[in-house]
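Contents: one structure, followed by commentary.
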Amino acid sequence: MELISTTRRLIEKVSALRYDQKTVGLVPTMGYLHEGHRSLLLRSVAENDITIMTLFVNPTQFGANEDLSTYPRDLERDLELARHAGVDIVFAPDNDQMYPDGSATWVEVDSPITTVLCGASRPGHFRGVTTIVTKLFGLVMPRRAYFGEKDFQQLAIIRRMTADLFLPIEIIGCPIVRESDGLAMSSRNSYLNPIQRRKGLYLSRAIAHAQELVRQGERNAHALRTALVDILPDDPEMRIDYIECVDTLTLQPLETLTCSCRLILAVYVDTTRLIDNAPLTIPTTETKE
Ligand code: AMP
């Protein structure tokens with residue numbers, strides 16, 4: 001496995017791979033890797049000749065009051081995990097490599113899918129994401145790129161951007177990997193002390209509760225949401241950012257659940273913001289009038 005830190009070396013390496021007609025899979029990450037990241041790496045290794053993982057805590061996707069300076073980092077551990085997963089190249093640039101002096105181009109998906117949910121709570125976040133992902137796509141020009149459904153809105157926005165820019169890259173969405181008790185894995189879980197970590201189980205429990213209510217026949221999104229707010233523990237440390245039932249493709253909130261519906265939520269435990277999502281399965285026969 002080769003560790004590359006400059007765009008210049010990466011471009012050299014990628015041109016040699018292209019000359020050799022190797023298929024390249026790209027897995028962008030911000031590091032502090034866990035099993036969720038590993039699932040993306042393993043899929044890329046299985047489907048491509050070469051897997052390139054990027055490791056970059058992208059400053060432009062963090063808001064002024066967010067956790068850029070405290071974001072967890074452990075390069076040695078990440079390299080070990082990547083090596084074991086079969087990664088061929090790790091690209092770990094610093095800020096000056098990705099945003100050299102004079103860089104002035106932003107990529108922004110101008111659509112309601114970017115303004116709802118996390119887009120509403122974190123202004124500018126998705127502009128940072130789409131800009132860095134476009135830069136990485138430009139450098140690596142992969143055949144396939146792998147993203148987790150954990151960041152469901154991000155995945156939808158990257159699909160939109162890739163289609164709009166006619167980029168010849170297949171975007172592969174990978175299922176959420178969870179801890180055995182249901183907590184969706186996240187680098188940010190490391191911020192939680194043991195008590196807060198237990199509180200974080202609210203998200204996966206809310207999903208399970210919603211799925212049960214839907215199974216029992218609930219179809220009203222407002223009623224569903226109210227039921228989920230009702231089971232939020234009465235705890236000053238916990239605060240709902242959003243809970244929505246959205247259309248899987250447009251991410252717009254629904255009033256009545258359809259057969260293509262996703263529950264998506266963001267909840268603060270103290271200052272740590274946790275996100276999760278899952279499909280709400282409704283029989284297709286119900287919505288075919
Ligand atoms: P991050 O390092 O948080 O930017 O995540 C890098 C990639 O890993 C993104 O595509 C995430 O959606 C994905 N990812 C993060 N957590 C998980 C998880 N629990 N399951 C599956 N994919 C994940």
- Message: Quick check: pseudo-label points 7 Å beyond the Cα along Cα→Cβ at Ile195 and Thr285, how many nm apart are they?
- Response: 5.1 nm
- Task: Kindly list the residues of the stretch 243-261 that lie in the label zone of Thr226, defined by a backbone N under 18 Å from the point 7 Å along the Cα-to-C-beta vector.
- Result: 243-245, 254-257
- Message: Using only the alpha-carbon atoms of the stretch 119-175 as identical scatterers, what base-10 log of I(q)/I(0) does the Debye formula give at q = 0.14 Å⁻¹?
- Response: -0.35
- Message: Starting from the 7 Å offset along Cα-to-Cβ, what nm value, one decimal, do you get for the label separation of Leu165 and Arg178?
- Response: 3.4 nm
- Using label points projected 7 Å from each Cα along Cα→Cβ, tell me how many nm separate Asp74 and Glu35, to one decimal. 1.6 nm
- Query: Where does the stretch 2-174 land on the Kirkwood hydrodynamic radius, alpha-carbon pairs, in angstrom?
  - Reply: 16.4 Å
- Distance from the stretch 250-267 to the stretch 120-143 (C-alpha centre basis), Å: 24 Å
- Note on the structure: Note on the stretch 44-84: alpha-carbon gyration tensor, axes a ≥ b ≥ c; rule is a/c under 1.5 for rounded, else prolate if a/b larger than b/c, else oblate; result oblate
- Note on the structure: For the chain, the percent of all C-alpha pairs falling in each 5 Å bin, from 0 up to the bin holding the max distance, is 1, 5, 11, 15, 18, 17, 13, 9, 6, 3, 1, 0, 0
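Taking 1 over the mean of 1/r across every pair of different Cα atoms in the stretch 196-247, what Kirkwood radius in Å do you get? Numbers along the way, then the final one.
Working: mean 1/r = 0.0856 Å⁻¹.
Here the Kirkwood hydrodynamic radius works out to 11.7 Å.
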- Rounded, prolate or oblate: which fits the stretch 187-280, taking a ≥ b ≥ c as square roots of the Cα gyration tensor eigenvalues, rounded meaning a/c under 1.5, else prolate when a/b beats b/c? prolate
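Read-outs: derived from the displayed coordinates by stated rules, not from any lab. Bear in mind the structure is a predicted one, so any value in this text is a computation, not a measurement. Every residue, glycine as well, gets a Cβ built from its backbone with ideal geometry; the counts of neighbours run over all protein chains shown.
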